[in-house]
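Engineer: Sharing a structure below in structure tokens format, with a few things to ask.
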Amino acid sequence: MRYKVTHYAGYEQAVFGMMLSYGKTSFDDFTATDEDRDRVATKLAPVDGGHNKFLEQIQYWILVQAPLFWWKQADTYRVGISKSSESTMHKSWKNGLTQEMFETPIFQETLNNLNKSIDEYNSEKTAERKAYLQDLIIGNLPDAYLQTRLLNVNAKCLRNMYFQRRDHKLKQWRDFCVWIKELPYGDLITAEKDSK
């Protein structure tokens, strides 16, 4: 599994907007000192329940290559995230599947059977038989298959992922959560609530 940030934006605007409720910015003076801005952001980031809503306006574009089993769980996050993905058919059906296309090794017999069906699909002329083969291949593709998606996700959604998945049984989730800490403004995303 691999991931990298391709772009991030919105911190200054989000924090300026947050400062409206503190009287530190206004319609006519939409500015704040760096010290005020960072102090209030640090104070509110760990306070869930709407107080840290400014995190919704900080956006990240993250390229993620992950196994289907990870994506099935990641798809539970629908608020604050959108995804564009590569086509499984266009990526792997032209030249067939290899072990490198999977998070973990799959049975060679499974790989051979899938590639045989892919070869047959690529040479088949009748639409009915192609549809059958397509269903056969998709239905038997192991969940370890790696798919790349570009996520557009806000910091609030990443915060939800972090606190819900940081101790997950799957190593892939634990590693992703460690990586979230390293993001620009990751300290705000992963800020712990004050125990006082």
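The values are calculated or read from the model by the stated rules, or taken from the named source; none is laboratory data. Since we're looking at a predicted model, the values are computed, not measured. So basically every Cβ, Gly included, is an ideal-geometry build from the backbone, and we count neighbours across all protein chains shown. We work out accessible area using only protein heavy atoms, side chains counted, and drop any ligands, DNA or RNA first. Shrake-Rupley method; radii C 1.70, N 1.55, O 1.52, S 1.80 Å.
Engineer: Using a 1.4 Å probe on the protein heavy atoms only, what accessible surface does Phe16 show? Give it in Å² to the nearest 10.
Structural biologist: Solvent-accessible area, nearest 10 Å²: 30 Å².
Engineer: Something else now. Return the calculated 222 nm mean residue ellipticity for the chain, to the nearest 500 deg cm²/dmol, obtained by summing -39500 (n - 2.57) across DSSP H runs with n ≥ 4 and dividing by the residue count.
Structural biologist: Details: 9 runs with 88 residues, N = 196.
Helices in the chain give a 222 nm mean residue ellipticity of -13000 deg cm²/dmol.
Engineer: Something else: At most 14 other Cβ atoms within 10 Å and a DSSP loop assignment: could you name the GluC sites (Glu not before Pro) in segment 55-121 that fit?
Structural biologist: On the way: sites: Glu56, Glu86, Glu100, Glu103, Glu109, Glu120; in loops: Glu86, Glu103.
Taking segment 55-121 and a limit of 14 other Cβ atoms within 10 Å, the loop GluC sites (Glu not before Pro) found are Glu86.
Engineer: While we're here: Would you work out the relative contact order for the chain, in percent, from Cα pairs under 8 angstrom that are 6 or more residues apart? Numbers along the way, then the final one.
Structural biologist: Details: 244 pairs, mean separation 57.3, N = 196.
Relative contact order, the chain: 29 percent.
Engineer: Leaving ligands, DNA and RNA out of it, report the carbon-plus-sulfur percent of the accessible area of the chain at a 1.4 Å probe. Don't skip to the answer; put the middle values down first.
Structural biologist: Values: 5840 of 11520 Å².
The computed percentage sits at 51.
Engineer: Which value, in Å² and to the nearest 10, is the accessible area of Lys24 when all protein chains are kept and the probe is 1.4 Å?
Structural biologist: Approximately 90 Å² for this residue.
Engineer: Next question. Which pairs in the list Lys94/Lys169; Lys4/Lys83; Lys83/Lys181; Lys130/Lys171 are over 26 Å apart, alpha-carbon to alpha-carbon? Intermediate values should be presented prior to the final figure.
Structural biologist: Numbers: Lys94/Lys169 35 Å; Lys4/Lys83 14 Å; Lys83/Lys181 21 Å; Lys130/Lys171 37 Å.
Over 26 Å apart, Cα to Cα: Lys94/Lys169; Lys130/Lys171.
Engineer: What does the net charge come to around Tyr3 if you take all other residues with beta carbon closer than 11 Å to its beta carbon, with K and R at +1 and D and E at -1?
Structural biologist: +1
Engineer: I'd like to check one number: the per residue accessible area of the chain, probe 1.4 Å, reported in Å² as a whole number. Working shown, then result.
Structural biologist: Values: 11520 Å² over 196 residues.
On a per-residue basis, the chain sits at 59 Å².
Engineer: I want the local charge near Val178. Using Cβ-Cβ distances under 12 Å, sum +1 for each Lys or Arg and -1 for each Asp or Glu among the other residues. Intermediate values should be presented prior to the final figure.
Structural biologist: Working: positive: Arg165, Arg166, Lys171, Arg174, Lys181; negative: Asp167, Asp175, Glu182.
Net of charged neighbours comes to +2.
Engineer: Of [x] 60; [y] 54; [z] 48, which one was derived for percent of Cα pairs over 21 Å apart from the structure shown?
Structural biologist: Correct label is [x].
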